[in-house]
Structures are given as structure tokens and as C-alpha cells.
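Worksheet: the structure to be examined is printed underneath.
The values are calculated or read from the model by the stated rules, or taken from the named source; none is laboratory data. Source: prediction; values computed, not measured. Cβ coordinates were reconstructed from backbone atoms using ideal geometry, including for glycine residues, and neighbour counts include every protein chain displayed. Heavy atoms of the whole protein, side chains included, go into the accessibility calculation; ligands, DNA and RNA do not. Shrake-Rupley method; radii C 1.70, N 1.55, O 1.52, S 1.80 Å.
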Amino acid sequence: MECDNNTPPARAVWTVADLLRFSPPCSPPPPPRRPAWSRYRLSESMKGLLVALVGGGVPAGFVAPFTRMANEASGIPSLEILLFRCILHLLFSFYLCCRNASCFAPPEARLRSFLHAFINVISIGCAYSSFMVVPSGNAATVRKGSSTIFSVLLAICIGNTSLTGYDWFGLVGSTLGLIIMVVPDVLNLDKSTQLYDTFGYILACLGGIALALGLVIFRALDFPTKLVTVAFLFGVVGSLLCSPVMFLLQDPVMPVDLLTWIYVGSITILALVSFLCASYAVTKAHPALVCAVLHSEVVVTLAVQYYVLREAVTPFDIMGAGVILGSIAIITAQNISCDTTEEDDGSILHLKGIE
């Protein structure tokens, strides 16, 4: 029997089993390739250092010159300026009440929180007093230098430094820059005011040591509202200490001119921003690195001192400021991380899908 070539082919018959048969999925499409610049992400340490640089150091650089200008304008003493600042910190109680949080910290962290507040009041009180005794740039320089050195000593004593070679190089460089700025001025002190100036530098040094110790204590605190709580406790402890001490050691002055109130308001707001940013930064980065980055305050203070107060800036000040800026650049560049794990994981998943 011959086959008829004109016979149409038989149609395929699809059964229910064929329709329900499992078909392997197609290989997933390759992930979109990210641009090269997107691989560079800021590490947590870098975020903390940027907050310390922009929000902690730069605003604090205006505090020292404004404190000196407020004193020259109406004779307002340093402890009175600190009292105004502490009163502003008391406003954080409204935030804590809205969050149903304890204004005086949880019981297990209450003692350390009050100790942190007391140390910070001592630090800022010594700093403000030194700003009125010696040039503001020199006082800020000594305060930041002593805070960095003491932070490094604490890091060595505690043992968990977790600092790289670049970090140590930046710390040494920033400290060297401060030494370049301060030593020539200390060696050329006026004989008639040498004792008075020495007392001012001692106050600045004590303020820096207390600052470093306060940052280390804050880093050890661990409860959700610790940043706002320590700010409120600073206001409570500062108000209780400054009120009686101000009448014993200084003569309170009620400013009547608008310019003095502008200075005082600017000091309180800028100092509050610097306080919050520096405290937040130590939760992300090492306290020694935060203190080193806060040296940007010295550079800003010198600029304001030269252009606003018309106080002399020596070549040593310019040289030291350059060394400080270079050291800050080394520290911040060291903490930039390159994130490539996500892209590598996507490539591996794509190869597995093909297989």
C-alpha cells in the first residue's frame, strides 16, 4: 500500500497529564550591572566622622570667638553663658515626656549618665573660661589637643583600639599640627601676664581631658534615648552647678543690648548642635578619631579670629592648620569602604541559574 504524500499530518493530542507536567523555569535574567561609582559606599565609621566634622567641629569653631565677643560687648561672664546654654538643654524634657521615656535615664545607666553630664559641665565651663583669658584660637587648640592625646591614652589602656596604621598616622599628624600652633605662643608669653595666661592654658587642657572622658562614657551607654537623655541631664546638672558658683566666682550681668543677646543665642544653638553631633559620632567611630576630626574647630576658630576679631595669626598657626587638615583628610579617606559583595553575589546566582 502506497503512502499518500498529500495526506495532512496528524494533529498533536494534548492530554491533561501533558498540561500538568512540570516545566523547569527559564534561567533568571542577569542582574543589571551597577556603575563603578556605586560600589563605593560610606562605612558606619565614615558616617560618624562626617557628622563630627560638619556638625561637631565647624559649629564649635564659632563658639570661642563669640564667647570672647560677648564678654567684650557687655562683660557677661563665662559661667552665665554656660547657664543660658544649660537652660536651653532643659527643653529636651518635652521630647522625653512625649516618648514616655525616663528623663533621668534607666536605673541601670543613671549613675553613668549623671557622671557624663557632670564631666561635660566641667569641660565646657573650663573651656569658656579659658576663651576669655587667652586668645580663643590658642584655647581651642590646647583643648582639642589634650582631648585627642587623652583619648589615645585611654584607647591604649583599655586595649580595644581597633585602629589602623593610617588612623594612628592621622592622630599623630593632627597632634603635631596642634603642637606647631601652640608651642611658639607659649614660649613667647608676656612676662607681665605669664601667670594669668598659664592659668588659661591649664583650664583649656582640663577641658580637653574632660571632653575625651565624657565621649568615652557616652559610648559605653546603651539605651534607646541616650542622646536626648544626656543632653537633658547636662542641662539639669549645669543649671544646679552654675547658679550658685556663678554668684561666688563671677559677677552676673544682665545684657541689655541686642548684640550681646545675638552672641549668646548663637553660642547656645551652635554649641547644642556640636554637642549632639559629637555625641552621635562616637557611637559610630572611635572616640580618638572623633576627637581628631573635631580639630576642624581650631581651623574655623583661627579664621574667625583673624577676619572678625582682627587678632594676629602667625605663620605657625597657618602651618599647623594645614597639617591638621591633611591629617583629617587621611583619617576620613581611610574609613571609606568599597562594597563589591552584592555584585559578586549576583554574578554567582546568575551562573547557578544557567547551570
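Per-peptide packing, taken as the mean over residues of other Cβ atoms within 10 Å, places 239-251, 213-225 in the sequence 213-225, 239-251 from highest down. In terms of accessible area, using a 1.4 Å probe and ignoring ligands and nucleic acids, 262, 330 rank largest first as 262, 330.
Gain on full extension, evaluated as 0.36 nm per residue between residue 168 and residue 47 minus their Cα-Cα distance, stands at 41.7 nm. A crude spin-label estimate for the pair residue 202 and residue 95, with each label 7 Å from Cα along the Cβ direction, gives 3.8 nm. Note: segment 157-221, Cα convex hull, 100 Å³ per residue.
Across the protein chains, with a 1.4 Å probe defining accessible surface, the residues 99, 110 rank 99, 110 from largest area downward.
Computed extension length for residue 310-residue 183: 43.6 nm, one decimal, from 0.36 nm per residue of separation with the Cα-Cα distance subtracted. Computed from the alpha carbon positions, the gyration tensor of segment 81-167 leads to an equivalent ellipsoid with semi-axes of 29, 23, 11 Å, biggest first. What a 1.4 Å probe finds exposed on segment 260-322 is 72% carbon and sulfur by accessible area, rounded to a whole percent. Heavy-atom accessible area for residue 95, with the other protein chains in place and a 1.4 Å probe, reaches approximately 100 Å².
Accessible area ranking (1.4 Å probe, heavy atoms, ligands and nucleic acids excluded), largest first, for 118, 275: 118, 275. Extension gain, residue 273 to residue 156: 0.36 nm times the residue separation minus the Cα-Cα distance gives 39.2 nm.
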